[in-house]
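Okay, so here's the structure we're looking at.
The values are calculated or read from the model by the stated rules, or taken from the named source; none is laboratory data. No experiment lies behind these values; they were computed from the predicted model shown. Methodologically, a virtual Cβ is constructed for each residue, glycine included, from the backbone with ideal geometry; neighbour enumeration extends over all protein chains shown.
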Ligand SMILES: [Zn+2]
C-alpha cells in the first residue's frame with residue numbers, strides 16, 4: 001500500500017471519528033440541557049407543594065365546614081332574636097305576653113352567645129389553615145408559570161438539536177462511506193462495543209476516549225503500529241489511530 005493511500009485511510013477514519021464525536025457532543029447537549037435539570041428540580045418542588053396542599057386541604061375542609069355550620073346556627077339564632085325583638089317592641093303586646101317573650105329572649109340570647117362563641121372558635125381554627133393554603137398557592141403560581149416556559153424552551157431547543165443531529169448523521173454516513181470497507185467494519189464493531197465511537201487517538205500516553213493511560217509496553221506497541229497493524233485500546237477496545 002502506498003503512503004498516500006495510508007494517509008487517506010487515516011484521514012477518512014479520523015473524519016468518521018470526528019463526525020461520531022460531534023454527534024455524541026450534540027446528543028449530550030440535547031440530553032443534558034440545563035433547562036431540563038431546572039425543570040426536574042422545579043417539578044420536584046411542585047410535587048412537594050402539591051403534597052403539602054393536599055395535607056392542608058384535608059385539615060382545612062372539615063374546619064371550614066365546622067365554621068359554616070357554626071355560622072348557620074348563629075345566623076338562625078340571630079334571625080330568631082331579631083324577630084323576637086320586633087315582637088317585644090310591638091305596642092300591642094300585653095304584660096303576660098311580654099313576660100313570655102322576655103323569657104324567650106333571655107333563653108335565645110344565651111343560646112346565641114354560645115353559638116357565637118363556637119363561631120369565633122371555628123373561625124380561629126380555620127383562618128390560619130386558609131392563610132397557609134393561600135400562601136402556598138401564591139408561592140406555587142410563579143413556579144407553575146416557570147414550568148410552562150421551561151417546557152416550551154426545552155421543546156424548542158430539543159427540536160433544533162434533533163434537526164442538527166439528523167444533519168450530522170447524514171454527513172457521518174457520507175464520511176463512513178469514504179472509509180475503506182475492512183477498516184469501517186472494524187470501526188463499527190468497536191463502536192458497537194463502546195456505544196459511541198470506534199476509534200481513538202493517543203494523547204500524552206492516554207487513550208483520548210476512555211482516558212486510560214497505556215502501559216509502557218502498550219505505548220511502545222502503539223508507536224510501532226501502522227494503519228495496517230492498528231492496535232486496540234486495552235481498556236475500551238477502540239482502535240488506536242497510529243501516530
Ligand atoms: Zn480507550
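For the reader, a short list of remarks on this structure follows.
- Restricting attention to segment 156-189, the residues that are within 16 Å of the ligand (Cβ to nearest atom) and either more than 38 Å from the chain's Cα centre (by Cα) or within 14 Å of residue 21 (Cα to Cα) (or both) total 2.
- Only one entry of 77, 84, 16 meets the criterion of being modelled with pLDDT under 95 and assigned to a helix (DSSP H, G or I), and that entry is 84.
- Count of residues meeting criterion [within 12 Å of the ligand (Cβ to nearest atom) and either over 10 Å from residue 202 (Cβ atoms) or surrounded by fewer than 18 Cβ atoms within 10 Å (Cβ to Cβ) (or both)] in segment 231-243: 8
- Among residues of segment 194-204 being surrounded by fewer than 19 Cβ atoms within 10 Å (Cβ to Cβ) and at pLDDT 95 or above, the one that is farthest from the ligand (Cβ to nearest atom) is 204.
- Subset of segment 205-230 [within 11 Å of the ligand (Cβ to nearest atom), more than 40 Å from the chain's Cα centre (by Cα) and part of a loop (DSSP other than H, G, I, E, B)]: 214
- Residues of segment 180-213 satisfying the condition of being free of Cβ contacts under 8 Å to residues at least 24 places away in the same chain and in contact with a helix residue (DSSP H, G or I) (Cβ under 7 Å, 6 or more places away or on another chain): 205
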